[in-house]
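See structure below.
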Amino acid sequence: LWDWLVPLLVGGRCIVLVAHGNTLRALAAVMDGLSATEVEELNIPAGHPLVYRVRDGAASPRGGYYLDHRAATVAADRVAAEGGT
């Protein structure tokens, strides 16, 4: 998927990717080069847009950014308290 996305993004395309839970964690692992431990600790809340920009074929910033950081942080903490994504 990442190999398919990068050329489109580098070419200036804007892509909305909708997924959930482990699918998003797997994509974040590839985009951010996460270790297995980092992936296990990653809690991506549902319904909170997470934005990545691609520069020179790499995601920037690492981890992306949420459109509503405060609400996403609260939701991610809730996911973690429930046992993670």
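Computed from the coordinates by the stated procedures, all read-outs in this text should not be read as laboratory data. Since the structure is predicted, the reported quantities are computational estimates derived from the model, not experimental observations. Reconstructed Cβ throughout: ideal geometry from the backbone, glycine too, with neighbour counts over all protein chains shown.
Values for this structure:
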{"quantity": "Equivalent-ellipsoid semi-axes of the chain, from the Cα gyration tensor, Å, largest first", "calculated": "23, 14, 11"}
{"quantity": "Label-to-label distance, nm, for residues given as ASP77 and GLU38 (7 Å Cα→Cβ offset)", "calculated": "2.4"}
{"quantity": "The chain, helix-only ellipticity at 222 nm - DSSP H runs n ≥ 4, -39,500 (n - 2.57), divided by all residues, nearest 500", "calculated": "-14000 deg cm²/dmol"}
{"quantity": "The chain, dipole about Cα centre (Lys/Arg Cβ +1, Asp/Glu Cβ -1), debye to the nearest 20", "calculated": "320"}
{"quantity": "Exposure proxy order (Cβ contacts within 10 Å, fewest to most) of ARG25, ARG55", "calculated": "ARG55, ARG25"}
{"quantity": "Whole-Å distance, taken between Cα centres, linking the stretch 54-83 and the stretch 1-43", "calculated": "12"}
